[in-house]
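Only one structure is covered here, and it is reproduced in the block below.
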Amino acid sequence: MSTTEVSAARATPRPPQTTAPRARRPRTFDQANRRLKWMMLAPALLFVGLMIVFPLAFTLDLSLTDAFGAVNAGKSHIGLRNFADALEDTRRFWPAARRTLVFTVGAVVLETVLGLALAMLMRKPFRGMRWVRTVLIIPLLATPVAIGILWLLILDPTNGIANHLLAAVGLPRQEFLGSVSQSLPTLMLIDVWQWTPMMTLLLLAGLTTLPEEPEEAALVDGANGWQRFRHVILPMLGPTLATALVLRAVDALKTFDILYATKGAGGGSDFEVETLNVYAYGLTFDYQEYGLAAAVLVLFTLFIIGVVVLLRRRGGRKNA
Amino acid sequence: MSATVSRATRPSGAPHTAPRARRRRGGAWLRGTAITIVTLVFALPLVWMFAAAFKTNVQVTDPSVGLWFRPTLDNFRSIVEAGQIVRSMGNSLLVGVVSTVLSAVIAVPAAWAVGRFNMHRTGSLILVARIVPAISLLVPWYYLFARMGLVGSYTVLVLSHMFVSVPLIMWIMISFFAGLPVELEEAARTDGLSAFGAFWRISLPLAAPGTATASLLAFVFSWNNFMFALVFADDRTQTVPVTLFNFISYASTDWGGLMAAATLITVPVVLAAVLGQKYLVAGLTSGATKG
């Protein structure tokens, strides 16, 4: 929020209470609007201030302290030591950061490619479109913990249907979530199952708003299907694609429910799916290392903001 | 929304020659098959869950028992008799409804102000709320709420769930209000309504469908939210995802019970998806947010 907007609103004289003369009405409208818009915004701004801005400032302060154990225990400021500790931690912090990045990039790239392909497939209306869209929206709305447990059953190494199906087509049995090396890729695939529909629906919405003329012109010029997609549709879809990518990347970076529900605290016996989110959660609620956790969270938040800025700038340049 | 229209696959202006038409028909068939397969891939895991909820524990862990078996309600009976799931569903309903209503009361007027007066810089505050990881707020909230003795209370659950729904509802409603013609409000003002009156009597009723969609989505995300309740709920105030999660640890062999519980908490969401598909898709794609 800009401070000039606030001060402008404060500087506004109170508009006359009731019936203003007709000639002055436009100005009165304006003044009433200016006062009203801040009144309408006030509860939301208060909520954001109390529940988000103030807690974030508190996190920032907490990251500079040695807070540990009971929340009402004393704490003292220790400068940037928590940040140094986190950044020197090659056992939990850096692997968690790497996993966060691998999970996000892998899942989001797959979701974008598959989502785009599916959106192109569904672009023209067809019989049963309504049902397909209903099916697609269910994974987005279904409870993530339930989805996690469902996949635990499906991917169970001995009794799961997945290995049964693999065996039926002659492929070797997989451990999936039962193994250290396969857990993260498996969870990425579950994320792809859950969120590709989101990409599809977003891109489908974008596709339906595109004008038809450029494509028709390309068709007349003899462009084939791929050329029309690559040189006409894709550039026009750019802004939607960029928005969808940012939204999905932000959410993928923050993934918690399914990781925690399937692999538990610490992301498994060998921390195999411990992302920054799971790591920070464990630091706080399992180890009660509040100071260090706050430092990790500050780094994590900066990391996410960095990704968003990067994606937006790249998306913007592409569409400029 | 229209069903049918298979002939729409013909691009307008394309010459109508026989081989092309044949290729196109082949293409339509291929497209139909591809869409069917993809849809099945997304649908079958959930079908498997629903089916497993009606299987005995022996059948659940026997992959050769497919979708044809004699269904039993024993799983549902046992988890309902255990009690916690019913209490949790009540808690989730309570927290979801209260947090959604409070969020709508806060967010809809704010969205009107942002959408009507183009206050996009102020509106981008909401984007910040979308970007900030919930967990970086969870730590200070826990710290503060524990000191206030509020951990385990419904108040904290409602407040924390509003963290998701206030930005969500605002996000959807800003574009909704921005899309309403401003002339309607201006006309009402000329006819003597106050600025607030124009919002209350003209714009708000017009925005009712959007508000309903946004609120339904907010409720669903509250119902699904796991992390806040994991930290802030106690046995009494537990919500459904936490109850389900606790099931894994003490009933890990009871797959039938687990699937019945998972089904029980997913059914309301699926019903919402089936009934409000059109509006929810519109809401998701205009708001495009989740917790």
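The values are calculated or read from the model by the stated rules, or taken from the named source; none is laboratory data. Given the structure is predicted, the values throughout are model-derived calculations rather than measurements. Reconstructed Cβ throughout: ideal geometry from the backbone, glycine too, with neighbour counts over all protein chains shown. The area values use the complete protein model at the heavy-atom level, side chains included, leaving out ligands, DNA and RNA. Shrake-Rupley method; radii C 1.70, N 1.55, O 1.52, S 1.80 Å.
A few remarks follow.
- Residue match in segment A:242-255 (condition: more than 13 Å from the chain's Cα centre (by Cα), within 11 Å of chain B (Cβ to nearest Cβ) and either crowded, with 20+ Cβ neighbours inside 10 Å or under 15 Å from B:Pro133 (Cα atoms) (or both)): no
- Elements of type helices (runs of 4 or more DSSP H) in segment A:104-190, at least 1 residues being polar (S, T, N, Q) and more than 7 Å from chain B (Cβ to nearest Cβ): A:161-168
- Selected residue (only one of A:Leu234, A:Leu297, A:Leu259, A:Leu283 is among the hydrophobic types (A, V, I, L, M, F, W, C), part of a helix (DSSP H, G or I), surrounded by fewer than 16 Cβ atoms within 10 Å (Cβ to Cβ) and modelled with pLDDT of 90 or more): A:Leu234
- Pair list, Cβ < 6 Å and 6+ apart or interchain, from segment A:223-252 residues that are in contact (Cβ under 8 Å) with a residue 12 or more places away in the chain to residues that are of a type in the set (Asp, Glu): A:Arg228/A:Glu215; A:Val232/A:Glu215
- Residue match in segment B:83-100 (condition: in a helix (DSSP H, G or I) and closer than 30 Å to B:Leu184 by Cβ): yes
- Qualifying residue in segment B:218-229 (condition: in a loop (DSSP other than H, G, I, E, B) and within 11 Å of chain A (Cβ to nearest Cβ)): yes
- All positions within segment A:54-83 that are at pLDDT 90 or above, facing another protein chain (nearest Cβ under 10 Å) and surrounded by fewer than 17 Cβ atoms within 10 Å (Cβ to Cβ): A:Phe54, A:Ala57, A:Leu60, A:Asp61
- For B:Phe196, the requirement of being part of a helix (DSSP H, G or I), open to solvent by 60 Å² or more (accessible area, probe 1.4 Å) and within 11 Å of chain A (Cβ to nearest Cβ) is met.
- As a summary of the residue check, A:Gly49 satisfies the conditions (1) open to solvent by less than 40 Å² (accessible area, probe 1.4 Å); (2) in contact with a helix residue (DSSP H, G or I) (Cβ under 9 Å, 6 or more places away or on another chain); (3) on the phi < 0 side of the Ramachandran plot except for the one numbered (2).
- Positions within segment B:124-140 being without any contact (Cβ under 8 Å) to a residue 40 or more places away in the chain and within 7 Å of chain A (Cβ to nearest Cβ), in sequence order: B:Leu125, B:Ala129, B:Ile131, B:Val132, B:Pro133, B:Ser136, B:Leu137, B:Val139, B:Pro140
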